[in-house]
1. Residues in the stretch 89-127 that are assigned to a loop (DSSP other than H, G, I, E, B) and acidic (Asp, Glu): how many?
2. Could you identify the single residue in ASN169, ASN196, ASN100 that is within 29 Å of PRO72 (Cα to Cα), under 21 Å from the mean Cα position of the chain (by Cα), in contact (Cβ under 8 Å) with a residue 12 or more places away in the chain and surrounded by fewer than 20 Cβ atoms within 10 Å (Cβ to Cβ)?
3. Report yes if some residue within the stretch 195-206 is under 27 Å from ASP44 (Cα atoms), out of contact with any Pro (no Cβ under 9 Å at 6 or more places or on another chain), outside any loop (DSSP other than H, G, I, E, B) and of a type in the set (Phe, Trp, Tyr); otherwise report no.
4. Determine, yes or no, whether ALA85 is in contact with a Leu (Cβ under 9 Å, 6 or more places away or on another chain) and among the aliphatic types (A, V, I, L, M).
5. Looking at the stretch 100-136, which of its residues are modelled with pLDDT of 95 or more and farther than 24 Å from ARG28 by Cα?
6. Run down ARG50, ARG65, ARG12 and say which single residue is surrounded by fewer than 19 Cβ atoms within 10 Å (Cβ to Cβ) and modelled with pLDDT under 80.
7. Could you say whether any residue in the stretch 146-158 is at negative phi and under 25 Å from the mean Cα position of the chain (by Cα)?
Amino acid sequence: MFDEPSEDPAERLLDPAARAKEKADGFRLHAELAAVFEACRKFDAKLLPRLDADIARDIQKTMGRLDKARTPGNPTIAEPSIAEAARVLNLAPANGLSTNDYHIHRRPGEVMIVRWLDGGQVETFYGRLQAHFDAALNGFKEDERQAHEWKKDASTLAYLAALDAVTVNMAERYCRDLIRAHNLFLLSTQSADEINIVYLCDYVMGVSPADLVGSQSAPPPDPSEQDLAWFFKLFALRGMKDGVERMCFFTYLQKADDGGADEW
């Protein structure tokens, strides 16, 4: 999920604008991952591994229902699911749980992580989301220019021009203004059959795998690829509740050899 694939012949057959868009979409997903999980490194967030099992399972089941109730390709949550979405966004204050922190429920080989944001924390999230995207895209543009501009063939120059024209307003892409103006509730997801748990913990979060998944489930000192592989699914729910802009990120992790993908 996190290694840049080498270019293959099929990629060269894409038109320049499609190639540029494909790269931008990848950077958008990476930016979301970083903005969701960087808070221990950047904003003094804590890992709180005592989330009540009933709350964790309630959120898991509700996110699943909300996801299945949506029109494919449309993140908007419609009636009669709006009340459930609002309830999930309000679970932190309703249960005396902190925002910004990572609330964790563990079982052997399985981890559920919930992070709520509200008010100014949402503003910070969107700022970080944009910063991560811009840094990745601008760095890639420069790398591609240095690597390929010398070729001077029409296809390469068209691709570089299309790539240079790519700009994405991440708040707009995540419909932030529409949420605030029309009191909408939106849900988006991203998933991977295998995510490198050490990459997620060490590089993105700045915590040890044992701190996140527990010592029994953490990779051994000399891990194999299978030891590092976890099924990953992230739900990003956002909306307005009681006049406050709120977000809830629910992440499900399961060791890949334990059949995590079958949960959904």
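1. In the first step, residues of the stretch 89-127 are kept if they are assigned to a loop (DSSP other than H, G, I, E, B); the result is 90, 95-101, 108-109, 119.
Those still in the list that are acidic (Asp, Glu) too: 101.
Qualifying residue count for the region: 1.
2. Values: ASN196 fails: surrounded by fewer than 20 Cβ atoms within 10 Å (Cβ to Cβ); ASN100 fails: within 29 Å of PRO72 (Cα to Cα).
Only one candidate qualifies: ASN169.
3. Taking the stretch 195-206 and keeping what is under 27 Å from ASP44 (Cα atoms), we get 195-206.
Narrowing the set further to residues that are out of contact with any Pro (no Cβ under 9 Å at 6 or more places or on another chain) leaves 195-196, 199, 203-206.
In the following step, the residues that additionally are outside any loop (DSSP other than H, G, I, E, B) were identified as 195-196, 199, 203-205.
Filter again for of a type in the set (Phe, Trp, Tyr), leaving 199, 203.
Yes, there is a match, as at least one residue in the stretch 195-206 is under 27 Å from ASP44 (Cα atoms), out of contact with any Pro (no Cβ under 9 Å at 6 or more places or on another chain), outside any loop (DSSP other than H, G, I, E, B) and of a type in the set (Phe, Trp, Tyr).
4. Working: in contact with a Leu (Cβ under 9 Å, 6 or more places away or on another chain): yes; among the aliphatic types (A, V, I, L, M): yes.
Yes: the conditions hold for ALA85.
5. Scanning the stretch 100-136 gives HIS103, ILE104, HIS105, ARG106, GLU110, VAL111.
6. Working: ARG50 fails: modelled with pLDDT under 80; ARG65 fails: modelled with pLDDT under 80.
Answer to the check: ARG12.
7. Taking the stretch 146-158 as the starting set, the residues that turn out to be at negative phi are 146-151, 153-158.
Next cut, under 25 Å from the mean Cα position of the chain (by Cα) only: none.
Checked against the condition, which is being at negative phi and under 25 Å from the mean Cα position of the chain (by Cα), the stretch 146-158 yields no hits at all.
The values are calculated or read from the model by the stated rules, or taken from the named source; none is laboratory data. Since the structure is predicted, the reported quantities are computational estimates derived from the model, not experimental observations. In this analysis, Cβ positions are derived from the backbone assuming ideal geometry, glycine residues included, and neighbour counts consider all displayed protein chains.
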